[in-house]
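Since the structure comes first, as structure tokens, the remarks are kept for the end.
The values are calculated or read from the model by the stated rules, or taken from the named source; none is laboratory data. Being a predicted model, the structure only gives us computed values, none of them experimental. Cβ placement follows ideal geometry from the backbone for every residue including glycine, while neighbour counts extend to all protein chains displayed.
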Amino acid sequence: MDYHLTKFHKDRVIYAFITANEVLYVGICASKTTEFKNKLYRYKNQTGNGTNKKNTIEIKLLLEKGFKVDILAFNPNEKHHVKINGIEVDLVKGLEPGIIDYVDTKLNERK
């Protein structure tokens with residue numbers, strides 16, 4: 001599994017793996033110190049939690065079958081800073097559940 005980043009290397013982002021117009025998975029760089037490039041490194045090298053490994057296996061199977069898998073990313077904190085009563089809202093963590101519900105992903109586990 002290889003990839004090429006054109007943007008957001010050092011950012012915390014919301015990202016999605018997409019193939020054939022289907023959203024497979026929506027994820028985030030959850031920790032304030034996790035950069036997008038490090039998150040993708042974990043997928044490529046199958047390190048980290050069970051979700052990373054499970055998704056990597058699924059994505060590799062699709063690639064082996066000849067499907068193209070795109071990675072889209074969005075940094076909502078790049079241009080939008082929201083504070084409520086002086087408390088900064090983390091848009092990366094705050095937007096993820098709504099996006100997952102909206103696009104009905106294949107690999108995200110519902111709680």
Next on the checklist: With the requirement that a residue be surrounded by 10 or more Cβ atoms within 10 Å (Cβ to Cβ) and among the small types (Gly, Ala, Ser), what does the stretch 61-92 give you?
Outcome noted: Ala73
Checklist entry - Considering only residues of the stretch 1-29 that are at pLDDT 90 or above and part of a loop (DSSP other than H, G, I, E, B), which is nearest to Phe74 (Cα to Cα)? => result Val13
Checklist entry - Does at least one position in the stretch 31-39 carry a residue that is in contact (Cβ under 8 Å) with a residue 24 or more places away in the chain and in contact with a strand residue (DSSP E or B) (Cβ under 8 Å, 6 or more places away or on another chain)? => result yes
Next on the checklist: For the structure I just gave you, tell me whether Ile57 is surrounded by 14 or more Cβ atoms within 10 Å (Cβ to Cβ), out of contact with any Gly (no Cβ under 6 Å at 6 or more places or on another chain) and among the hydrophobic types (A, V, I, L, M, F, W, C).
Outcome noted: no
Item to check | Count of the stretch 62-85 residues which are touching a residue at least 12 places away in the same chain (Cβ under 8 Å) and assigned to a strand (DSSP E or B) | outcome: 5
Checklist entry - Among (1) touching a Phe, Trp or Tyr at 6+ places or on another chain (Cβ under 7 Å); (2) under 18 Å from Leu95 (Cβ atoms), which single condition is Thr34 missing? => result (1)
Next on the checklist: Out of the residues in the stretch 1-47 meeting the condition of being of a type in the set (Gly, Ala, Ser) and either surrounded by 15 or more Cβ atoms within 10 Å (Cβ to Cβ) or under 10 Å from the mean Cα position of the chain (by Cα) (or both), tell me which one is farthest from Ile71 (Cα to Cα).
Outcome noted: Ala30
